[in-house]
Every structure is written in structure tokens, then in C-alpha cells.
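Please read the structure below before turning to the comments.
No value in this document is a laboratory result; all are computed from the given coordinates. Small disclaimer: the values here were computed from a predicted structure and weren't measured. Quick reminder, even Gly has a Cβ in these numbers, built from the backbone with ideal geometry, and neighbours come from all protein chains shown.
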Amino acid sequence: MNPSLPVACPSIDTAPHDPEKRLWLIATGVAGGVAALTTAVPFVSTFAPSERARAAGGPVEVDISDIPPGGSKTVEWRGKPVWVVRRTPEMIAALQGHDDQLVDPQSAQAQQPDYARNPARAVKPEVFVAIGICTHLGCSPSNAPQGGNSPSLPADWPGGFFCPCHGSTFDGAGRVFKNKPAPTNLEIPPHRYAGDTRILIGGDAA
């Protein structure tokens, strides 16, 4: 071989010479890209907050005009049940006289805003607002009125709430009785009046 002559290297053509094979490769690549996109869209969409999730942390306005004396209404706030109870004068009077039986009668522990740190644990004594979740293991207590003749409650029961799961009892202000599984009073959510008949749960009193 004459070293002065250039050596011709064979060219490498990676493109298929068969038109049908080339078309098949292009179609396969496009289909794969579409499949990857359709797979990714549902996954990414799980990160987008739903309308319910966006609203879950916001205040909830409750109309209390239709709650009769002694009646109640349950609404949802931040995924939790919130009781709104319209107390009768008898129910308010029944909050007195059993402080010695309660774990925290003066609400010294922090289960309520400062403006609800009173015997009624309320902004206004006649309307009680509380999260309806037992502070023991998160069960849902039920209403237990005075004179209900329940075998699970004492004869001098003043009225309040009873958790059937493990027997915790709370008075009409959500204060837990001694020697019960629940360690603390029911939680009072932040709330304020948005008018004479409307309460904003999740909005602190001004």
C-alpha cells in the first residue's frame, strides 16, 4: 500500500435502508413517548390540591338560627366533626356543682382559646362549640342528656357527653371527669360570631 494515498474508511450508516423498517421504528418511538406522557399525567395530577383540600383549612360559617334550645348541629372543619349546641338555662345551670369530680374544672390546660377559658368554655354561655373527638383514642362521644337513665352513667349525672368506646365522660362544657381514660377536656376550636345567628369556626374572636 502506498502510504501517500489516503485510506478510504467505510462509512457507517445507522439508518435502516428498508423503508418499512424505518417507518416501524419511528412509529414505535412516537407510541412510546405518548405512553410515557399518559402515564405521567395522572401521577403529577395527584400533587395538585383538590378544591376540598384547599378549603379544608379555612373557616367554616355555621347558621345557628335553626338550632332549637337543647338541640345541636354537627359541621366539618379541617376534617373533624364540630358540635354546635344551643344550651337551655337548665343546661347552663348544670355546669355548676361538680368541679371536684373533674380533672380540669378551670380549663387550665390548653384545649381552648383564652376567650373560652371559663366555666361554660364558650364565647356565649348559651352556645357551646367543641370538636367531637374523645381525647383518649379519637373516638366520637355521643350526647348524654341529664335524666337519660343510661346504665353507664351515674344517677346524679348532670348531662354532657359519653364515649361508648372506653367509657370516658364529659360534662356539658366538655370537661372530662376523673378516673376516666380521656386525659384532657374536649378541644374547643377557635371561633367567633359573624352576626347574631352565625358563627365562624376557625376564625378567632376579635
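Okay, residues lined up against (1) in contact with a Gly (Cβ under 7 Å, 6 or more places away or on another chain); (2) farther than 15 Å from PRO158 by Cβ:
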position	(1), (2)
ASP66	no, yes
GLY70	no, no
TRP77	yes, yes
VAL85	no, no
ASP100	no, no
TYR115	no, yes
VAL123	no, yes
THR135	no, yes
Check your understanding: If we keep just the residues of segment 158-194 that are in a strand (DSSP E or B) and closer than 28 Å to SER65 by Cβ, which is nearest to the chain's Cα centre (by Cα)?
Key -> HIS191
Practice item. Would you check if ALA122 is among the aliphatic types (A, V, I, L, M), part of a strand (DSSP E or B) and touching a residue at least 24 places away in the same chain (Cβ under 8 Å)? Key: no
Check your understanding: So which residues in segment 81-119 are of a type in the set (Gly, Ala, Ser) and part of a loop (DSSP other than H, G, I, E, B), if there are any at all?
Key -> ALA94, GLY97, SER107, ALA108, ALA110
**Study point:** Looking only at segment 58-99, and only at residues there that are acidic (Asp, Glu) and without any contact (Cβ under 8 Å) to a residue 60 or more places away in the chain, the one that is farthest from ARG192 (Cα to Cα)
**Key:** ASP99
Exercise for review: Scan (1) outside any strand (DSSP E or B); (2) out of contact with any Ser or Thr (no Cβ under 7 Å at 6 or more places or on another chain); (3) surrounded by 16 or more Cβ atoms within 10 Å (Cβ to Cβ); (4) free of Cβ contacts under 8 Å to residues at least 60 places away in the same chain for the single condition THR135 breaks and write down its number.
Suggested key: (2)
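For every residue, the table says whether it meets (1) in contact with a His (Cβ under 6 Å, 6 or more places away or on another chain); (2) buried (at least 17 other Cβ atoms within 10 Å of the Cβ); (3) closer than 26 Å to ILE64 by Cα.
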{"position": "VAL84", "(1), (2), (3)": "no, yes, yes"}
{"position": "PRO89", "(1), (2), (3)": "no, no, yes"}
{"position": "SER107", "(1), (2), (3)": "no, yes, yes"}
{"position": "ARG121", "(1), (2), (3)": "no, yes, yes"}
{"position": "SER140", "(1), (2), (3)": "no, no, yes"}
{"position": "GLY148", "(1), (2), (3)": "no, no, yes"}
{"position": "LEU153", "(1), (2), (3)": "no, yes, no"}
{"position": "ASP156", "(1), (2), (3)": "no, no, no"}
